[in-house]
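The values are calculated or read from the model by the stated rules, or taken from the named source; none is laboratory data. These numbers come from a predicted model, not from an experiment. Counting neighbours? That spans all protein chains shown, and the Cβs are built from the backbone with ideal geometry, glycine included. Ligands, DNA and RNA are stripped out before the accessible areas are found, and what is left, the full protein with its side chains, is counted by its heavy atoms. Shrake-Rupley method; radii C 1.70, N 1.55, O 1.52, S 1.80 Å.
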Amino acid sequence: MTKVGVNGYGTIGKRVADAVEAQPDMELVGVAKTRPNFEAEAAVRNGYPLYAAVAERADRFAEAGLELAGEVEELVVAADVVVDCTPSGIGAENAARYEAHDTPAIFQGGEDADVADVSFNARANYADAVGADSARVVSCNTTGLARILAPLDETYGVEKARVTLVRRGGDLGQTDRGPIDDILPDPVTLPSHHGPDVNTILPDIDIDTLGLKVPATLMHTHSVNVTLESSPDADDVRDLFADETRLFQIPATADIDGAGKLKEFANDAGRPRGDLWENCIWSESITVEDRDLYLFQAIHQESDVVPENVDAIRALTGDADAAESRATTEDAMGVGIDYGR
Ligand code: NAD
């Protein structure tokens with residue numbers, strides 16, 4: 001059993017903790033929180049040992065009636081692998097602590113690539129992280145792009161990818177984010193950081209990305225154009241994607257016109273927190289003109305990186321190869337949508 005600690009128990013951390021807890025070969029040894037808020041209360045309710053992320057604030061947990069198992073230093077010592085799910089930039093500050101205890105660490109996409117030995121996506125470059133001391137799971141958008149570009153490049157060759165990312169302004173709980181009534185080119189200059197981020201895991205893909213931010217919380221949407229090196233027809237691409245368990249092709253009959261209905265679908269399917277771990281690709285949008293492939297996909301920013309974090313843990317420990325790890329992760333979490341069943 002691999003003992004896993006989660007430092008930072010917010011949007012990503014709580015999902016990673018639940019996913020780790022579900023794995024047959026992993027044990028969640030605890031989660032670290034800075035504040036005794038509702039998420040800390042949920043951790044305790046779930047029976048997860050709760051550690052104070054900031055020693056000086058430990059008293060506040062007792063005042064809120066929440067029992068601590070210790071301080072984050074002890075969690076790092078107890079864990080075989082720490083998954084750092086703290087806000088962007090804090091992971092880099094925490095890296096020295098993990099190194100000091102020789103505890104392999106996984107960081108999130110909000111960190112710069114140099115925070116870790118390797119940037120990671122389970123479909124694109126699992127083997128690069130095997131046995132490494134640290135890995136950075138690339139961001140939600142980069143994860144969504146890697147999952148389609150890797151199979152397209154392997155099967156048809158990618159000459160050039162051009163992607164416009166329409167990004168949600170903030171997550172549900174991010175009441176300080178925006179815009180609330182605008183559409184922002186973000187950044188206004190090219191490229192957005194997503195293309196270069198794809199190249200941290202797929203260095204040979206020629207890709208340009210543009211970003212926009214809109215008043216939405218539910219999901220991101222990508223408008224994708226990939227010039228291929230050969231000319232499959234649209235059904236060939238659909239068949240290729242059908243073999244990828246982390247790609248869900250939304251059938252026309254589903255009558256799902258956007259992120260709202262996708263989330264309803266996830267809730268109706270009993271997904272925890274309405275999570276959609278898979279890329280959601282509108283099947284009807286898959287079009288090939290000569291060598292140009294077009295499609296729309298929606299990416300659930302809060303959850304698509306979660307199975308990737310679980311796989312990253314196995315890559316660092318070297319306990320499984322990519323196919324074994326992905327299958328175990330998916331089995332334990334219930335990743336993969338067989339629509340109609
Ligand atoms: P979040 O703000 O929801 O959660 C972060 C948690 O860490 C909070 O509970 C916060 O209190 C806690 N924290 C703050 N400082 C800490 C410290 N020093 N030690 C321990 N905990 C601390 O953030 P998030 O959305 O979960 O993002 C975490 C990381 O995941 C970031 O790098 C982000 O870029 C990345 N990410 C986020 C999303 C998303 O859409 N939310 C998607 C993919 C990747």
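Worth a mention:
- Residues in region 194-215 that are surrounded by fewer than 22 Cβ atoms within 10 Å (Cβ to Cβ) and out of contact with any helix residue (DSSP H, G or I) (no Cβ under 7 Å at 6 or more places or on another chain): Pro196, Asn199, Pro203, Asp204, Asp206, Leu210, Leu212, Lys213, Val214, Pro215.
- Any chance Ala19 is surrounded by 24 or more Cβ atoms within 10 Å (Cβ to Cβ) and under 19 Å from Thr317 (Cβ atoms): yes
- Of all the residues in region 216-251, those that are acidic (Asp, Glu) and open to solvent by less than 10 Å² (accessible area, probe 1.4 Å) number 0.
- If you go through region 78-100 and pick out every residue that is farther than 13 Å from Thr2 by Cα, of a type in the set (A, V, I, L, M, F, W, C) and away from the ligand (no atom under 14 Å from the Cβ), you end up with 1.
- Condition met for Phe241 (in contact with a Cys (Cβ under 6 Å, 6 or more places away or on another chain), modelled with pLDDT of 95 or more and among the aromatic types (Phe, Trp, Tyr)): no
- Residues that are open to solvent by less than 20 Å² (accessible area, probe 1.4 Å), among the small types (Gly, Ala, Ser) and over 21 Å from Ala127 (Cβ atoms), drawn from region 288-337: Ala298, Ser303
- Among residues that are under 18 Å from Arg147 (Cβ atoms), surrounded by 18 or more Cβ atoms within 10 Å (Cβ to Cβ), outside the structural domain of Asp117 (by TED's automatic domain parsing) and of a type in the set (D, E, K, R), Asp275 is included.
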